[in-house]
Amino acid sequence: MAWSGLPSTFTYSQARAAGMTKHELYRLRDRGDVEAIGRGLYRQTSAPLADLDLVTIAERASKATLCLTSALVEHELTDTIPVEHDVALPRGTWHPHVDVPVHWHSFATDTFHIGRDRLALDDDTEIGLYSAPRTIVDVFRMRGAVGPDLAYEALRRWLRRGGQPVELLRIAKSFPERLRRFGRLWRSCSDPAAPRQRHARHARWPRVPGPTVRSQEGRPRHRRVPAPVRARRIPDPPRRVAACPQPRPQGWRAAGCL
């Protein structure tokens, strides 16, 4: 049969190129030999079990790469069950429309291939997957969107498995705007009881008693002591003086204003 030479997952165009008519394809679908897993996308029912959502994404976008929470799940670094698949594409790449829950992310083209591996879904289909160090770096870079708890949990689990901070540092060098933050993050995760060191930029300002105000980047920011407020004397209210009526053209002398 013509469809026997097709891969486990094939498109309508591939079936027509193999010499199969659309009526034969629909007959195989109605008979249960193939199933439609997407618009114009079919899969043989005799193929081994696979995640059909990821298969659909991989067939629609060849550069699709699992990232953030979805990558942490593949590396078993979190117990969170994501509602959507986090998939990254190079910035400027068109995001295809699929019938599966997916959240597309656009990563910079010059750092997109750093730490990118391949994950086999079946004998014919593969999808990109970021390594554990690259995923941890991305989670810390985007912890404002995914949450800081997820980032700290993944880092602690990776360090307990024997992960070396040198691997994170090697990948973090590609993101210089985030590189200086990882030293404090490693110290807080490896030894939570260790005291935090003050940044050299804030060492010249005296510490003000009271709660420490932290900026959005997590750096201590101490407020200056406000100047004392001097007491101001409240002036007395102005005295009320009887106003003289305006002079009139006639009879103004009789008003008694003189």
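Computed from the coordinates by the stated procedures, all read-outs in this text should not be read as laboratory data. Since the model is a prediction, treat every value here as computed from it, not as a measurement. Cβ atoms come from the backbone with ideal geometry, glycine included; neighbour counts cover every protein chain shown.
What is the sum of charges, Lys and Arg at +1 and Asp and Glu at -1, for the other residues whose Cβ falls under 11 Å from the Cβ of residue 163? In short, +3. Around the amide H of residue 103, modelled in the peptide plane, lie the amide H atoms of 85, 86, 87, all under 5 Å away and 5 or more residues distant in sequence or on another chain.
The phi-based Karplus calculation (6.51 cos²θ - 1.76 cosθ + 1.60; θ = phi - 60°) puts the 3J(HN,Hα) values of segment 159-172 at 5, 5, 7, x, x, 9, x, 4, 5, 5, 5, 5, 7, 5 Hz, whole numbers, x for Gly and Pro. Based on Cα contacts under 8 Å between residues 6+ apart, segment 1-76 shows a relative contact order of 23 percent.
Between residue 94 and residue 49, the contour length at 0.36 nm per residue exceeds the Cα-Cα span by 13.3 nm.
Computed from the C-beta positions of residue 109 and residue 16, the FRET efficiency with R₀ = 25 Å rounds to 0.15. When Rg and Dmax are taken over the Cα atoms of segment 2-47, they come to 9.1, 22 Å. Summing Lys and Arg as +1 and Asp and Glu as -1 over all other residues whose Cβ lies under 11 Å from the Cβ of residue 109 gives a net charge of +1.
Between residue 129 and 66, 117, 118, 119, the built amide H atoms are under 5 Å apart, and every one of these is 5 or more places off in sequence or on another chain.
P(r) tail, segment 1-124: Cα-Cα pairs separated by more than 26 Å, 30% of all pairs. Among beta bridges identified by DSSP and lying wholly in segment 27-125, the antiparallel ones come to about 50 percent.
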